[in-house]
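S.K.: Got a structure for you, questions after.
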Amino acid sequence: SLGCSLSLLRASWSQGGGEEQCPGAAGPPGARAGGARLEAADGRAGPGHEDFRPRIVPYYRDPNKPYKKVLRTRYIQTELGFHERLFVAVLTSRATLNTLAVAVNKTVAHYFPRLLYFTGLRSAKVPHGMVLVAHGDERPIWLMYETMHYIHQHFGSDYDWFYIMQDDTYAQAEQVKALVTHLSINQDVYLGRAEEFIGGDEQARYCHGGFGYLISRSLLLKLHPHLDSCRNEILSVRPDEWLGRCIIDFLGITCVSQLQGQHYHTYELAKNTEPEKEEEEEFRAALAVHPVSDMTLMYRLHKHFSRIQLDRTYQEIQDLQMQIRNLTSLTPAGEGGLTWPVGINAPFLPKSRFEVISWDYFTEQHLFSCPDGSPKCELSGASKADVSEIIESALEQLNSRYQPLLRFSKRQLLNGYRRFDPTRGMEYTLDLLLEAVTQKGHSHVLAKRVSLVRPLSKVEIIPMPYVTEATRVQLVLPLTVQDLDFVANFLDMFAMNTLDTHDNALLTLLFIYHPYDAQRVSQVDVFAGVKAMVGELEKRYAEVKIPWISVKTEVPSQVKLMDIVSKKHPVDTLFFLASVWTEINMEFLNRCRMNTISNWQVFFPVHFQEFNPALVYRGEQAASSSTDFLRDGHFDRHSFAEACFYNSDYMTARTKLAADILDRDEVLESMEVFDVFLHYSGLHLFRAVEPGLVQKYALRSCNPRLSEELYHRCVLSNLEGLASRSHLAMALFEQEQANST
């Protein structure tokens, strides 16, 4: 009530002034202090200002024009017209392309989102890992003209800021990226180290090219129409002076060293400078350092500035931790709510025993939680490097805390435990046998337990090639005699979800005949009913053709069957290897298209397998499919029957497999398509649960002629697909109750 009363009282004061002006106010009527213009009486913005108030645009479609499907962009960033932030251009030459330009590429290039090198050489040999644009003319002014024209033509509509530097410049990439985040993109910006023209106007300045300079997108767009005039009318020896004179003469904008409260700090290196001995604040704050005479100096500068940045980051962490400690006492939990390490998320608290994160035990030689499920395996590779690094870090922390009173050295790792906590990172607990040496030289052996955390750092998005949802999917369905009871449901779902919706998907059937059935195919065709159903579909959908391939074999190896199908389709075909229990739907087909990338990634979905309704419901009515349809079942991780991949990727991996096994075709009987990609391709194998693939319960027939591993996986899939442990326990309990009575 008090707040409302004060608000009303304040409103009456502010409105009571009427047409009176504040005492001492100067300027025309309608102007406010600070220079901000008032809106016109009709509500429109004043002259020179745009009205950014949102308005609703009503949707209207001409009924006389045919409806066309709107093609949306893949990313909302593209549709809204967002731009990337920073583009970097590095000017290089014949003498420095293989020296200083390479040094720039190895030190700071990977910090920038996009960096290109520009040179005037003709047919220059490009060093590895660099993107070079050769203009074919080594005149400095011409190189600058062609570079600005190229940037505008290819990147002018994609980036907000353009940073131009020479290859004898060392730029602190992180500082440059931080600078552009604090500048407004609505202004014409020409920012760098401002220098006076020789014999020119005292007010005009150009940006020195040796220290790099920043140009905004709006300035580049305004400058581009005048580049030809500048090339013909302005005479200059230095390209940076030529560009500065062009901007001043045609746009009236001069170079500045500070803008919007941001300073462009630079540092000029003297001859024979030792970067490690430079302690001036001007050097430490520099965004760009020039001139860099050789590659070694470039690497030394990068090492020194990286150390400065690292020390600065550690100091910021300590300051933040101190602030957290001071503020924790004011929170309701008090100092007891302070987590360790300070500033890192608290450990995950499980709500049930099923959410407990287990610890993995290890020693310096062995790991007791192996990826293949074995109880003990040798510690090697990345795991061994991880354990060695964490032990060294533990000793370093102990010595930094207790020196000079005590100095610790490792005798042995007694016990090691680690676990990955997704809320904070990798946690370690080490029992170390240490030898402690005092300042007087006395030593003592003791055991000490230490805890360490490797926190999750900045999350990076892995760049992936662009894919679309318009790719045609070729379904491949292998069929045996045991699958005949389920074919009708598969074809009905295929017709309803793909043919009726005109989805870009085709189907090929693979009839697998036993040798005995193949001999009697002229008298009794076991697949005659399926072929009749296919004929009915082709009559119903005149534009659809469903081909089939007949194969005679006792052992239906997935790889051998895929070899036959692969030869009958183009190399750019996207295959979806399905099973007869799969219920095809548009949602999954789109994910198949998006998750499968040619020459990059294959997709092996984990389908959802429903439990046996006789055990789950025991005579009761099943739950509605519209509510919690993924409840009474599990994701079958033992099945690799479904797969999405391109024919070209399969053919490449299959060629490597053929060279490895030579003529031993019996090896193929123990392999699946998943094994081919896993062992004989360098592609990413994306294995993920797929809620769009839901299969009804059915007892699979496991072929004993397959390899022991494949047969064992099939049996496990059948057993785990019966019911959950609670359902099985209830069924056993009811059976015992019935037997006892």
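The values are calculated or read from the model by the stated rules, or taken from the named source; none is laboratory data. Since this is a predicted model, take the numbers as computed values, not measurements. Every residue, glycine as well, gets a Cβ built from its backbone with ideal geometry; the counts of neighbours run over all protein chains shown. Please note that ligands, DNA and RNA were not included when accessible areas were found on the heavy atoms of the full protein model with its side chains. Shrake-Rupley method; radii C 1.70, N 1.55, O 1.52, S 1.80 Å.
S.K.: Check ASN718 against each of (1) free of Cβ contacts under 8 Å to residues at least 24 places away in the same chain; (2) open to solvent by less than 30 Å² (accessible area, probe 1.4 Å); (3) touching a strand residue (DSSP E or B) at 6+ places or on another chain (Cβ under 9 Å) and name the one condition it does not meet.
M.R.: The one condition ASN718 does not meet is (3).
S.K.: Filter segment 334-370 down to residues that are of a type outside the set (Phe, Trp, Tyr) and farther than 27 Å from SER457 by Cα, then give me how many there are.
M.R.: Number satisfying all stated conditions: 5.
S.K.: Hand me the list of strands (runs of 3 or more DSSP E) wholly inside segment 103-194 holding 2 or more residues that are open to solvent by 30 Å² or more (accessible area, probe 1.4 Å).
M.R.: 132-134
S.K.: Need pairs with beta-carbon distance below 9 Å; first residue open to solvent by 30 Å² or more (accessible area, probe 1.4 Å) and charged (D, E, K, R) and within segment 560-578, second assigned to a loop (DSSP other than H, G, I, E, B) and modelled with pLDDT of 90 or more; sequence gap 6+ or separate chains.
M.R.: Cβ pairs passing all conditions: LYS568/PRO547.
S.K.: Please determine whether any residue of segment 301-317 is touching a Leu at 6+ places or on another chain (Cβ under 9 Å), touching a residue at least 40 places away in the same chain (Cβ under 8 Å) and open to solvent by less than 70 Å² (accessible area, probe 1.4 Å).
M.R.: Checking segment 301-317: at least one residue is touching a Leu at 6+ places or on another chain (Cβ under 9 Å), touching a residue at least 40 places away in the same chain (Cβ under 8 Å) and open to solvent by less than 70 Å² (accessible area, probe 1.4 Å).
S.K.: Then there is this: Taking the condition of being in contact (Cβ under 8 Å) with a residue 40 or more places away in the chain and under 21 Å from ASP483 (Cα atoms), how many residues in segment 521-545 meet it?
M.R.: 7
S.K.: Then there is this: Suppose we keep only residues that are closer than 16 Å to PHE250 by Cβ and in contact with a Cys (Cβ under 9 Å, 6 or more places away or on another chain) within segment 181-204. Which one would you say is modelled with the lowest pLDDT?
M.R.: The selected residue is ALA204.
S.K.: Also: Report whether or not THR296 is modelled with pLDDT under 85 and among the hydroxyl-bearing types (Ser, Thr, Tyr).
M.R.: Judged against the criteria, THR296 is not a match.
S.K.: Regarding segment 75-89, can at least one residue be identified that is within 25 Å of LEU243 (Cα to Cα) and in a helix (DSSP H, G or I)?
M.R.: No, that holds for no residue.
S.K.: Using beta carbons and a limit of 6 Å, which pairs, at least six apart or on different chains, have the first residue in segment 132-155 and in the same structural domain as LYS222 (by the TED database) and within 14 Å of ASP167 (Cβ to Cβ) and the second one open to solvent by 40 Å² or more (accessible area, probe 1.4 Å) and hydrophobic (A, V, I, L, M, F, W, C)?
M.R.: Cβ pairs passing all conditions: LEU132/VAL126.
S.K.: With LEU367, LEU338 as the choices, which residue is farther than 30 Å from GLY441 by Cα, in contact with a Ser or Thr (Cβ under 7 Å, 6 or more places away or on another chain), modelled with pLDDT of 90 or more and not assigned by the TED database to the domain that holds GLN172?
M.R.: LEU367
S.K.: Additional query: Within segment 93-102, can you find the residues that are part of a loop (DSSP other than H, G, I, E, B), open to solvent by 10 Å² or more (accessible area, probe 1.4 Å) and either in contact (Cβ under 8 Å) with a residue 24 or more places away in the chain or on the phi > 0 side of the Ramachandran plot (or both)?
M.R.: Result: SER93, ARG94, THR96, ASN98, THR99.
S.K.: Here is a further query. Filtering segment 248-280 down to residues that are of a type in the set (Asp, Glu) and more than 25 Å from TYR190 (Cα to Cα), which residue is surrounded by the fewest Cβ atoms within 10 Å (Cβ to Cβ)?
M.R.: GLU279
S.K.: Still on this model: Do any strands (runs of 3 or more DSSP E) lying entirely in segment 437-517 carry at least 3 residues that are under 16 Å from MET533 (Cβ atoms), and which ones are they?
M.R.: Hits in segment 437-517: 473-479, 505-513.
Let's see how each residue does on (1) among the small types (Gly, Ala, Ser); (2) modelled with pLDDT of 90 or more:
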residue	(1), (2)
GLU378	no, yes
GLY381	yes, no
GLU389	no, yes
ALA394	yes, yes
PHE408	no, yes
GLN412	no, yes
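S.K.: Quick one: which of LEU414, LEU479, LEU430 is surrounded by 13 or more Cβ atoms within 10 Å (Cβ to Cβ) and in the same structural domain as MET586 (by the TED database)?
M.R.: The match here is LEU479.
S.K.: Continuing with this model, one more query. Inspect segment 205-224 for any residue being closer than 20 Å to VAL90 by Cα, among the polar types (S, T, N, Q) and touching a strand residue (DSSP E or B) at 6+ places or on another chain (Cβ under 9 Å) and give the result as yes or no.
M.R.: Yes, some residue in segment 205-224 is closer than 20 Å to VAL90 by Cα, among the polar types (S, T, N, Q) and touching a strand residue (DSSP E or B) at 6+ places or on another chain (Cβ under 9 Å).
S.K.: Checking the structure you have, find out if any residue of segment 524-546 is of a type outside the set (D, E, K, R) and closer than 30 Å to ALA658 by Cα.
M.R.: Looking through segment 524-546, none of the residues is of a type outside the set (D, E, K, R) and closer than 30 Å to ALA658 by Cα.
S.K.: Go through segment 281-295 and count every residue that is outside any loop (DSSP other than H, G, I, E, B), open to solvent by 20 Å² or more (accessible area, probe 1.4 Å) and more than 12 Å from ASP168 (Cα to Cα).
M.R.: Looking only at that region, the number is 3.
S.K.: Please tell me if ARG245 is in contact with a Gly (Cβ under 9 Å, 6 or more places away or on another chain) and either open to solvent by 60 Å² or more (accessible area, probe 1.4 Å) or not in a loop (DSSP other than H, G, I, E, B) (or both).
M.R.: yes
S.K.: Assess whether SER374 counts as being part of a loop (DSSP other than H, G, I, E, B), outside the structural domain of THR169 (by the TED database) and exposed (fewer than 11 other Cβ atoms within 10 Å of the Cβ).
M.R.: For SER374, the condition - part of a loop (DSSP other than H, G, I, E, B), outside the structural domain of THR169 (by the TED database) and exposed (fewer than 11 other Cβ atoms within 10 Å of the Cβ) - is met.
S.K.: Across segment 665-684, which residue is nearest to the chain's Cα centre (by Cα) among those that are open to solvent by 50 Å² or more (accessible area, probe 1.4 Å) and closer than 30 Å to MET586 by Cβ?
M.R.: Residue satisfying both the conditions and the ranking: HIS684.
S.K.: Report whether or not ILE357 is touching a strand residue (DSSP E or B) at 6+ places or on another chain (Cβ under 8 Å), among the aliphatic types (A, V, I, L, M), open to solvent by less than 50 Å² (accessible area, probe 1.4 Å) and modelled with pLDDT of 90 or more.
M.R.: Against the criterion (touching a strand residue (DSSP E or B) at 6+ places or on another chain (Cβ under 8 Å), among the aliphatic types (A, V, I, L, M), open to solvent by less than 50 Å² (accessible area, probe 1.4 Å) and modelled with pLDDT of 90 or more), ILE357 qualifies.
S.K.: Could you please find all residues in segment 70-96 being at pLDDT 85 or above and under 24 Å from HIS152 (Cβ atoms)?
M.R.: Selection gives GLU84, ARG85, LEU86, PHE87, VAL88, ALA89, VAL90, LEU91, THR92, SER93.
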